[in-house]
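Colleague: Pasting a structure below so you can have a look.
The values are calculated or read from the model by the stated rules, or taken from the named source; none is laboratory data. For clarity, every value in this text was computed on a predicted model and none was experimentally measured. Here the Cβ positions follow ideal geometry from the backbone for every residue, glycine too, while neighbour counts run over all protein chains shown.
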Amino acid sequence: MQRIEQYLDLMLHVLRADGVVDPAEREKFMAIMVEGLQLRPELVERYRKALECSEWNEVSDEELAALGEGLDPGSIGHMVKDAYAMAEADGNFDVSELVLVRRFLKAIGIPESRLEAIDNWARVSLEVARKGERLFARVPQEAR
């Protein structure tokens, strides 16, 4: 499995964790693939179809562990931060989405004792990113 597929599969599992892929979540996921990552069209289509499925099996801990194989701590941190952003795409963190992220972390060997600190770090990271978006937002021409 390629690194990009590990990343996208985790995001997909997070979106599905609460049993519903909300339109806002779908839009954010597609924006990441098309605009952010500029993926090959066939990969975009594969994940688009996966988003449209109305039924799916719950991901196993073994499958979650495979999503972290070969990744360095920085890559895992990016995945977790983005998983939190994906979980929040519909306006709230669903408990099942956060449970899935915790399952991923445990499956890749992160000690339980670090999970609360990781949760706090991810939430603060999201707030810092939102603040950055506000700071760098373009000012309308007439307001300059």
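Colleague: For the stretch 1-96, give me every one of the helices (runs of 4 or more DSSP H) that falls completely inside it and has 2 or more residues that are over 25 Å from Ser125 (Cβ atoms) and not acidic (Asp, Glu). Steps first, answer last, please.
Modeller: Numbers: elements: 3-16, 23-31, 41-52, 61-67, 73-87.
Of the helices (runs of 4 or more DSSP H) lying wholly inside the stretch 1-96, those with at least 2 residues that are over 25 Å from Ser125 (Cβ atoms) and not acidic (Asp, Glu) span 41-52.
Colleague: Still on this structure, please answer the following. Hey, among the residues in the stretch 24-42 that are at pLDDT 85 or above and touching an Asp or Glu at 6+ places or on another chain (Cβ under 8 Å), which one's surrounded by the most Cβ atoms within 10 Å (Cβ to Cβ)?
Modeller: Glu25
Colleague: Turning to a different aspect of this structure: Under the condition of being farther than 18 Å from Pro73 by Cβ and of a type in the set (A, V, I, L, M), which residue from the stretch 106-144 is farthest from the chain's Cα centre (by Cα)?
Modeller: This residue is Ala143.
Colleague: Please go through the stretch 101-126 and give me each residue that is loosely packed, with under 10 Cβ neighbours inside 10 Å and assigned to a helix (DSSP H, G or I), ordered by number. Write out each step before concluding.
Modeller: The first filter runs over the stretch 101-126 and keeps only residues loosely packed, with under 10 Cβ neighbours inside 10 Å, leaving 109, 111-113, 117.
Within the stretch 101-126, Glu112, Ser113, Ala117 qualify.
Colleague: Considering only residues that are at pLDDT below 90 and hydroxyl-bearing (Ser, Thr, Tyr), which ones fall in the stretch 48-83?
Modeller: Within the stretch 48-83, just Ser54 meets the criteria.
Colleague: Okay, moving on. Please name all residue pairs, on different chains or six or more residues apart, with Cβ atoms under 7 Å, provided the first residue is in the stretch 15-27 and is within 9 Å of Asp90 (Cβ to Cβ) and the second residue is of a type in the set (Ser, Thr, Tyr) and in a helix (DSSP H, G or I).
Modeller: The qualifying pairs are Asp18/Ser96.
Colleague: Could you check Glu88 against (1) at pLDDT 95 or above; (2) among the charged types (D, E, K, R); (3) under 18 Å from Leu8 (Cα atoms) and say which number it fails?
Modeller: Against the list (1) at pLDDT 95 or above; (2) among the charged types (D, E, K, R); (3) under 18 Å from Leu8 (Cα atoms), Glu88 comes up short only on (1).
Colleague: While we're looking at this one, here's another question. Just to be sure, is Ser75 under 23 Å from Gly36 (Cα atoms) and either of a type in the set (Ser, Thr, Tyr) or surrounded by 15 or more Cβ atoms within 10 Å (Cβ to Cβ) (or both)? Talk me through it step by step, then tell me what you get.
Modeller: Values: under 23 Å from Gly36 (Cα atoms): yes; either of a type in the set (Ser, Thr, Tyr) or surrounded by 15 or more Cβ atoms within 10 Å (Cβ to Cβ) (or both): yes.
Against the criterion (under 23 Å from Gly36 (Cα atoms) and either of a type in the set (Ser, Thr, Tyr) or surrounded by 15 or more Cβ atoms within 10 Å (Cβ to Cβ) (or both)), Ser75 qualifies.
Colleague: Only one of these conditions is not met by Ala50: (1) among the small types (Gly, Ala, Ser); (2) in contact with an Asp or Glu (Cβ under 7 Å, 6 or more places away or on another chain); (3) under 22 Å from Arg103 (Cα atoms). Which number is it?
Modeller: Ala50 satisfies all of (1) among the small types (Gly, Ala, Ser); (2) in contact with an Asp or Glu (Cβ under 7 Å, 6 or more places away or on another chain); (3) under 22 Å from Arg103 (Cα atoms) except (2).
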